Amino acid sequence: MASGRYRVCVVGASGVTGGELLRLLINHPGVELVCATSREFRGEYVFRVHPNLRGRTELTFSDSTIDSVLKKDIDVVFLALPHGQSIEWVPKLYEAGLTIVDLSADFRLKDPKAYVEWYGWEKPHPYPDLLSKAVYGMPELHREELKGAKLIAVPGCMATAAIISLAPVVKAGLVDTDRIVVDAKISSSGAGAHAPRLDLHPFRTYVIRPYEVVHHRHTAEIEQELGLLINRQVRVAFTPHAVDLVRGILTTSHAWLTKPVQEPEVWRAYRTMYGNEPFIRLVKDRAGFQRYPDVKYVIGSNLVDIGFEIDTRLNRLVVLAAIDNLMKGASGQAVQAMNVALGFPETTALDQVPLYPV
Ligand SMILES: NC(=O)c1ccc[n+]([C@@H]2O[C@H](COP(=O)([O-])OP(=O)(O)OC[C@H]3O[C@@H](n4cnc5c(N)ncnc54)[C@H](OP(=O)(O)O)[C@@H]3O)[C@@H](O)[C@H]2O)c1
């Protein structure tokens with residue numbers, strides 16, 4: 001921290017979330033971006049891979065090995081690597097005393113055995129001690145634990161929308177936690193820069209494609225985080241759909257009310273929990289162009305728009321949430337969590353107004 005700013009490295013910086021991290025971090029007054037790694041583009045200017053950064057950084061991609069990153073004398077490292085890769089990096093980086101912000105799922109689940117069930121690992125997580133130290137990087141739920149945290153597991157993108165939008169009504173006991181149904185729509189950037197054939201433009205355009213209809217991985221973290229709020233198991237049926245958007249996630253959750261509930265009580269649950277949250281907007285309007293959350297109005301921002309409607313006929317609560325998957329769903333939330341961990345104002349480098357129209 002020689003310059004008075006934290007020295008930061010982004011590992012996996014050629015990818016989609018890596019590029020978004022660079023976009024945010026070059027505007028962060030408290031950090032100095034000293035390293036961005038890539039195996040494929042080593043030595044190349046970062047702006048040649050992320051053209052939006054032309055004129056904003058002269059950084060070139062450096063070696064993507066643990067030793068070369070450690071030699072950069074950094075304080076903070078963001079791991080924007082595929083699932084199953086961060087686990088190779090974290091133990092050594094942790095031992096070196098760095099603050100680690102991991103965007104993968106490798107340290108999100110608290111139960112070591114859950115990785116066998118949800119991620120198909122042959123054995124339980126090999127570092128249960130590090131798992132217990134990892135803080136789930138969602139400031140709205142874990143702000144106190146994040147202060148000073150050295151290992152941050154950034155939440156999954158669709159899980160973020162589902163957890164944040166459902167947490168207040170779960171915590172307030174308004175809904176039956178044995179059966180919550182979450183339907184998600186996700187954009188193509190969610191599949192990363194090395195997407196499989198079905199996510200290439202000709203195969204993705206015009207698509208509203210259900211996938212991993214049951215047992216999607218994000219189910220595990222949604223159940224974990226909602227369960228932690230009430231110290232009881234929560235059961236979630238989660239189904240995602242790939243849609244023809246570049247950025248954005250919309251979740252529509254269906255929960256059944258535990259008693260007859262009027263609107264003010266639901267509003268109260270949200271305002272009690274999120275009244276002072278800088279990135280949460282409650283959207284339920286009778287006039288104007290936006291009546292409910294819509295991805296169109298959050299793109300480029302770290303916001304979560306949340307809305308709801310009560311279905312008195314079926315005793316059902318419908319909860320809606322819209323986020324930009326690369327911002328609140330990944331890199332924005334990662335920077336937000338880092339801000340809390342290092343003691344910066346939480347909105348530092350994150351107060352973008354959404355692009356409109358997009
Ligand atoms: N995309 C999203 O909306 C989103 C949201 C939340 C969380 N996440 C998570 O964030 C992580 C990154 O996702 P992404 O979408 O940015 O993926 P991505 O676009 O595929 O980028 C990952 C980068 O990691 C590097 N990489 C791949 N394998 C590696 C290895 N074995 N060792 C070192 N570097 C390796 C690659 O760069 P080089 O080949 O150039 O080295 C690649 O550009 C994933 O764990 C993902 O699940 C993504």
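Starting from the residue with the highest accessible area, list 291, 313 in decreasing order, probe 1.4 Å.
So the residues, ranked largest to smallest area, are 313, 291.
Isolated Cys in the chain by the 4.7 Å beta carbon test?
Among the cysteines of the chain, those whose Cβ sits 4.7 Å or more from every other are 157.
Can you tell me, using C-alpha contacts under 8 Å and at least 6 residues apart, the relative contact order of the range 1-145 as a whole percent?
19 percent
How much length is gained on full extension from residue 132 to residue 183, taking 0.36 nm per residue of separation minus their Cα-Cα distance?
15.4 nm
How much accessible surface does residue 16 have with a 1.4 Å probe, in Å² rounded to 10?
Rounded to the nearest 10, that gives 40 Å².
Along the charge dipole of the chain, pointing to its positive end and built from +1/-1 on Cβ of Lys, Arg, Asp and Glu, which listed residue (105, 194, 119) has its Cα farthest out?
Towards the positive end, the residue furthest out is 194.
Students often get this wrong, so check it: of 123/328; 147/185; 123/171; 110/259; 150/328, which have C-alpha atoms separated by over 22 Å?
123/328; 147/185; 123/171; 110/259
Carbon and sulfur together cover what percent of the accessible area of the chain at a 1.4 Å probe radius?
With neighbouring chains kept in place, the figure for the chain is 52 percent.
Through the Karplus equation 6.51 cos²θ - 1.76 cosθ + 1.60, θ set to phi - 60°, convert the phi angles of the range 94-111 into ³J(HN,Hα) values in whole Hz; use x for Gly and Pro.
5, 4, 7, x, 6, 7, 10, 10, 9, 7, 7, 8, 5, 10, 7, 8, 6, 8
If you line up the Cα atoms of the range 158-325 on their principal axes, what length do they span on each, largest first, in Å?
So the three principal-axis extents are 47, 37, 31 Å.
Contour minus end-to-end for residue 26 and residue 171, with contour as 0.36 nm per residue of separation and end-to-end as the Cα-Cα distance?
Gain on stretching residue 26 to residue 171: 48.5 nm.
Once the Cβ-Cβ distance between residue 68 and residue 287 is put in as r, and R0 is 41 Å, what FRET efficiency do you end up with, to the nearest 0.05?
In this case the efficiency is close to 0.15.
Send over the Kirkwood Rh of the chain, from the inverse of the averaged 1/r over different Cα pairs, rounded to one decimal Å.
So the Kirkwood estimate lands at 20.7 Å.
So which aspartates and glutamates can residue 284 reach, going by Cα to Cα under 13 Å and dropping same-chain residues fewer than 8 places off?
Within the straight-line limit of under 13 Å, residue 284 reaches these aspartates and glutamates: 263, 294, 305, 309.
For the range 158-325, give the magnitude of the charge dipole about the Cα centre (Cβ charges: +1 Lys/Arg, -1 Asp/Glu; no others), in debye to the nearest 20.
So the magnitude is around 160 debye.
Which whole-Hz couplings ³J(HN,Hα) result when phi for each residue of the range 264-270 is put into the Karplus expression 6.51 cos²θ - 1.76 cosθ + 1.60, θ = phi - 60°, listed in order with x for Gly and Pro?
x, 5, 6, 3, 4, 4, 5
Could you give the dipole magnitude of the chain about its Cα centre, charging the beta-carbon of Lys and Arg +1 and that of Asp and Glu -1, in debye to the nearest 20?
Once rounded to the nearest 20, the dipole reads 440 debye.
Would you mind getting the accessible area per residue of the chain, heavy atoms of the protein chains only, 1.4 Å probe, in Å²?
For the chain, the solvent-accessible area averages 45 Å² per residue.
Which distance in Å, rounded to a whole number, links the C-alpha centroids of the range 203-267 and the range 13-54?
32 Å
Within the set of other residues whose C-beta is less than 10 Å from the C-beta of residue 189, count the net charge using Lys and Arg as +1 and Asp and Glu as -1.
-2
Which Cα, out of 243, 169, 315, lies furthest along the positive dipole direction of the range 158-325 (beta carbon charges, K/R +1, D/E -1)?
Positive-most Cα among the choices belongs to 315.
Quick one: Kirkwood hydrodynamic radius for the range 62-213, alpha-carbon pairs, angstrom, one decimal?
It is 17.7 Å.
Counting each DSSP H run of 4 or more residues in the chain as -39500 (n - 2.57), what helix-only mean residue ellipticity at 222 nm follows after dividing by all residues, to the nearest 500 deg cm²/dmol?
Value at 222 nm, helices only, nearest 500: -8000 deg cm²/dmol.
The values are calculated or read from the model by the stated rules, or taken from the named source; none is laboratory data. None of the values given here were measured: they were computed from a predicted structure. Quick reminder, even Gly has a Cβ in these numbers, built from the backbone with ideal geometry, and neighbours come from all protein chains shown. SASA here: full protein model, heavy atoms, side chains in, ligands and nucleic acids out. Shrake-Rupley method; radii C 1.70, N 1.55, O 1.52, S 1.80 Å.
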